[in-house]
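Undergrad: Here it is, the structure, as structure tokens.
The values are calculated or read from the model by the stated rules, or taken from the named source; none is laboratory data. All values reported here derive from a predicted model rather than from experimental measurement. Heads up, the Cβs are rebuilt from the backbone with ideal geometry, glycines too, and the neighbour counts pull from every protein chain shown. Remember, those area values only see protein heavy atoms, side chains included, never the ligands or the DNA or RNA. Shrake-Rupley method; radii C 1.70, N 1.55, O 1.52, S 1.80 Å.
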Amino acid sequence: MAEEEIFYFDGPEALEAVFAGNLPKNLNLLEKELDVNVVSRDLWIKLNSQDPVLLARATSFMNEATSLYKEGLKTILQRDFEHLLSAYRHHREKEIHSMFSSRIKVGKRKPEIVPRTNAQLKYIQSIRDKDIVFGIGPAGTGKTYLAMAMAVSEFLSGKYSRIILTRPAREAGENLGFLPGNLEEKILPYLRPLYDALYEMLDFDEVNSLMEKHIIEVAPLAFMRGRTLNHAFVILDEAQNASRDQMLMFLTRLGFDSCCVITGDPSQTDLGRNQESGLIHAQKILKTIHDISFCHFTSKDVVRHALIEKIINAYSEDLAASKSRKKP
């Protein structure tokens, strides 16, 4: 005989919020992923199954999703709903609870940001605990995005009085001198990813106002020379393209009551063949300093489109095969 559990909701808004605004789609996902029967009528959802273990797991999922909404998550995003569902499918309930408990609050009208892998969770915790944190790994793992979310969150909470975002103005073998336009026009393409992340976490007008007041500053790495950055959350992005001297210069800009996050992918450096990446060098000589945290990501931490992990793995395998063929 099948057993069942019924969940009642206070109103249509609550029901839609818990199911990420995609009720029909996500009811089907719930049924498929957790192997239970799901029936929805008005403001209630009934789960039933011949297997009490499967029913208990699906019930636990519903309790968790509902409690997240009641705790103030407002609307669960589709990606978070699927992430939560996947965790219950693979018996990672305790892990997922820690991730949602560590979610990052950003702008008032923006959704909270949830870490989606253990590496991301450790990264966020390190940023909260340490003054200097390195986030190292491939594209799509959330290194810059999560650092930006933490910068916005800590700024809004009053912990820091400004946000400074920087990256080397060098990509794909190009230097600023080869690009058309004035200095501002030359710099903009290198800094656009940082602007994109900011606009996801704060309202457009709010970002522009804070930038006009120089509370949020976005600038190429060369502009950091000679400065002391007090009471600031500072992010150096694409750090694999910083030279050893630039990395030393940047790290020594850290002032009082400040936090510094350095992100990069050592496999994607655009420096010359005979020029060592400052990111790679920093890993070698700073790894024993307790007050500095190194957080490493792999292709398993990719949280963009599922194809990105496959692409990264394919290129990694090709690179390894190429090196193997070159060996005498």
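Undergrad: Between PHE134 and residues 5 or more places away or on another chain, which pairs have amide H atoms under 5 Å apart, with H built 1.01 Å from N, and which residues are they?
TA: Counting only residues 5 or more places away or on other chains, the set is ILE262, SER293, PHE294, CYS295.
Undergrad: Can you work out the accessible area per residue across the chain, with the rest of the protein chains kept in place, probe 1.4 Å, in square angstrom? List each step's numbers first, then the result.
TA: Values: 17420 Å² over 328 residues.
Per-residue accessible area for the chain comes out at 53 Å².
Undergrad: To continue, here is another question. Which entries of LYS105/LYS300; LYS70/LYS94; LYS94/LYS122; LYS122/LYS323; LYS159/LYS300 show an alpha-carbon separation above 21 angstrom in the structure shown? Mind dumping the intermediate values first?
TA: Numbers: LYS105/LYS300 25 Å; LYS70/LYS94 19 Å; LYS94/LYS122 15 Å; LYS122/LYS323 32 Å; LYS159/LYS300 32 Å.
Result: LYS105/LYS300; LYS122/LYS323; LYS159/LYS300 exceed 21 Å.
Undergrad: Next question, about the same structure. Quick one: length gained pulling THR288 to LYS70 fully straight, 0.36 nm per residue minus the C-alpha distance?
TA: Details: separation 218, 0.36 × 218 = 78.48 nm, distance 4.28 nm.
Gain on stretching THR288 to LYS70: 74.2 nm.
Undergrad: Further, regarding this structure: Hey, what's the Kirkwood Rh for the chain if you take every pair of different alpha carbons, in angstrom? Walk me through the intermediate numbers first.
TA: Values: mean 1/r = 0.0454 Å⁻¹.
One decimal place: 22.0 Å for the Kirkwood radius.
Undergrad: Kindly provide the helix-only [θ] at 222 nm of the chain, computed as the sum of -39,500 (n - 2.57) over DSSP H runs of four or more divided by all residues, to the nearest 500 deg cm²/dmol?
TA: Values: 12 runs with 149 residues, N = 328.
It comes out at -14000 deg cm²/dmol, rounded to the nearest 500.
Undergrad: By DSSP, what percent of the beta bridges with both residues in the chain are antiparallel, rounded to the nearest 5?
TA: Numbers: 14 of 39 bridges.
Counting only bridges with both partners in the chain, antiparallel ones make up about 35 percent.
Undergrad: Another question about this same structure. Students often get this wrong: which residues of the range 144-171 have the backbone nitrogen under 20 Å from the point 7 angstrom along Cα-to-C-beta of LEU254?
TA: In the range 144-171, the label zone of LEU254 (backbone N under 20 Å from the point 7 Å along Cα→Cβ) covers 144-155, 159-168.
Undergrad: Could I ask something else about it? So, with a 1.4 angstrom probe, what is the percent of accessible area on the chain that is carbon and sulfur?
TA: Details: 8860 of 17420 Å².
Ligands and nucleic acids excluded, carbon and sulfur reach 51 percent.
Undergrad: Now for a different question. Placing one identical point scatterer on every Cα of the range 1-123 and ignoring solvent, what is log10 I(q)/I(0) from the Debye formula at q = 0.10, 0.12, 0.19, 0.21 Å⁻¹?
TA: -0.30, -0.43, -1.04, -1.25
Undergrad: Which of PRO111, PRO138, PRO12 moves most in a GNM of the chain, Cα contacts under 10 Å?
TA: Top of the fluctuation ranking is PRO12.
Undergrad: Under 5 Å between amide H atoms, partner at least 5 residues away or on a different chain: which partners does ILE164 have, H built in plane at 1.01 Å?
TA: It is GLU217, PHE233, VAL234, ILE235, by chain and number.
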